[in-house]
1. Only one of these conditions is not met by ALA104: (1) in contact (Cβ under 8 Å) with a residue 60 or more places away in the chain; (2) exposed (fewer than 14 other Cβ atoms within 10 Å of the Cβ); (3) not hydroxyl-bearing (Ser, Thr, Tyr). Which number is it?
2. Among the candidates VAL35, VAL40, VAL87, VAL46, single out the residue that is over 14 Å from the mean Cα position of the chain (by Cα) and crowded, with 18+ Cβ neighbours inside 10 Å.
3. Give the number of residues within segment 72-83 that are basic (Lys, Arg) and assigned to a helix (DSSP H, G or I).
4. For segment 1-71, give me every one of the strands (runs of 3 or more DSSP E) that falls completely inside it and has 1 or more residues that are in contact with a Leu (Cβ under 6 Å, 6 or more places away or on another chain) and under 18 Å from SER128 (Cα atoms).
5. If a residue must be farther than 22 Å from LEU25 by Cβ and not charged (D, E, K, R), how many such residues does segment 147-162 contain?
6. With respect to the numbered conditions (1) more than 20 Å from MET1 (Cβ to Cβ); (2) polar (S, T, N, Q); (3) at pLDDT 90 or above, which one is the sole condition not fulfilled by SER22?
7. What tally of residues in segment 108-142 results from selecting those that are farther than 17 Å from ALA92 by Cα and assigned to a helix (DSSP H, G or I)?
Amino acid sequence: MLVGEQPGDEEDVQGRPFVGPSGRLLRALLDDAGVPAEQVFLTNAVKHFHFEPRGKRRIHKTPMQRHIAACHAWLEGELARERPGVVVTLGATALAAVYGSRIAITEARAREVANSHGTPIVATYHPSAILRAPDHEAREKLRATLVADLARAAKLARKLRP
């Protein structure tokens, strides 16, 4: 199971997670990691698009804690229904929602963490971080990190559910 932050503009319009630029990039990253996208359940910690209108555009705003709390029952329901062997959190908001409290991505990547049900969490960055990276070198470094984290999650899932 991969958990993102919230729907973006395209996801909100289409009513499906990860169909916009970040979703297209995520599918390429999964492919690079050798993970078939059809074997992954995609969702978001917050189920609605929190935005700020700017002219005709809707600009993403980071969800507030109250948004995460309001949507937590839906996320818990998805976790209970899907019963994933591993949860990959894409970004700090998703990590906090799944882990249950704030923890830095770098800290979570450096040690083993699990949710309150004992499901292992592989914390990584959101694909949008690659899209926003300031230069080619930063984009390539982030891309390599995400691919490695996705491959690590797949290996862990296979180990737990052969």
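1. Only one criterion in (1) in contact (Cβ under 8 Å) with a residue 60 or more places away in the chain; (2) exposed (fewer than 14 other Cβ atoms within 10 Å of the Cβ); (3) not hydroxyl-bearing (Ser, Thr, Tyr) is unmet by ALA104, namely (1).
2. VAL35
3. Within segment 72-83, residues that are basic (Lys, Arg) and assigned to a helix (DSSP H, G or I) number 1.
4. Once the strands (runs of 3 or more DSSP E) in segment 1-71 are filtered for at least 1 residues that are in contact with a Leu (Cβ under 6 Å, 6 or more places away or on another chain) and under 18 Å from SER128 (Cα atoms), what remains is 2-4, 42-44.
5. Adding up the residues that qualify gives 3.
6. Status for SER22: all satisfied but (1).
7. 6
Results for (1) at pLDDT below 95; (2) under 11 Å from the mean Cα position of the chain (by Cα), shown as yes or no for each residue.
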residue	(1), (2)
ARG27	no, no
CYS71	yes, no
ALA94	no, yes
ALA97	no, yes
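The values are calculated or read from the model by the stated rules, or taken from the named source; none is laboratory data. For clarity, every value in this text was computed on a predicted model and none was experimentally measured. With ideal geometry, Cβ positions are generated from the backbone for all residues, glycine too; neighbour counts draw on all protein chains shown.
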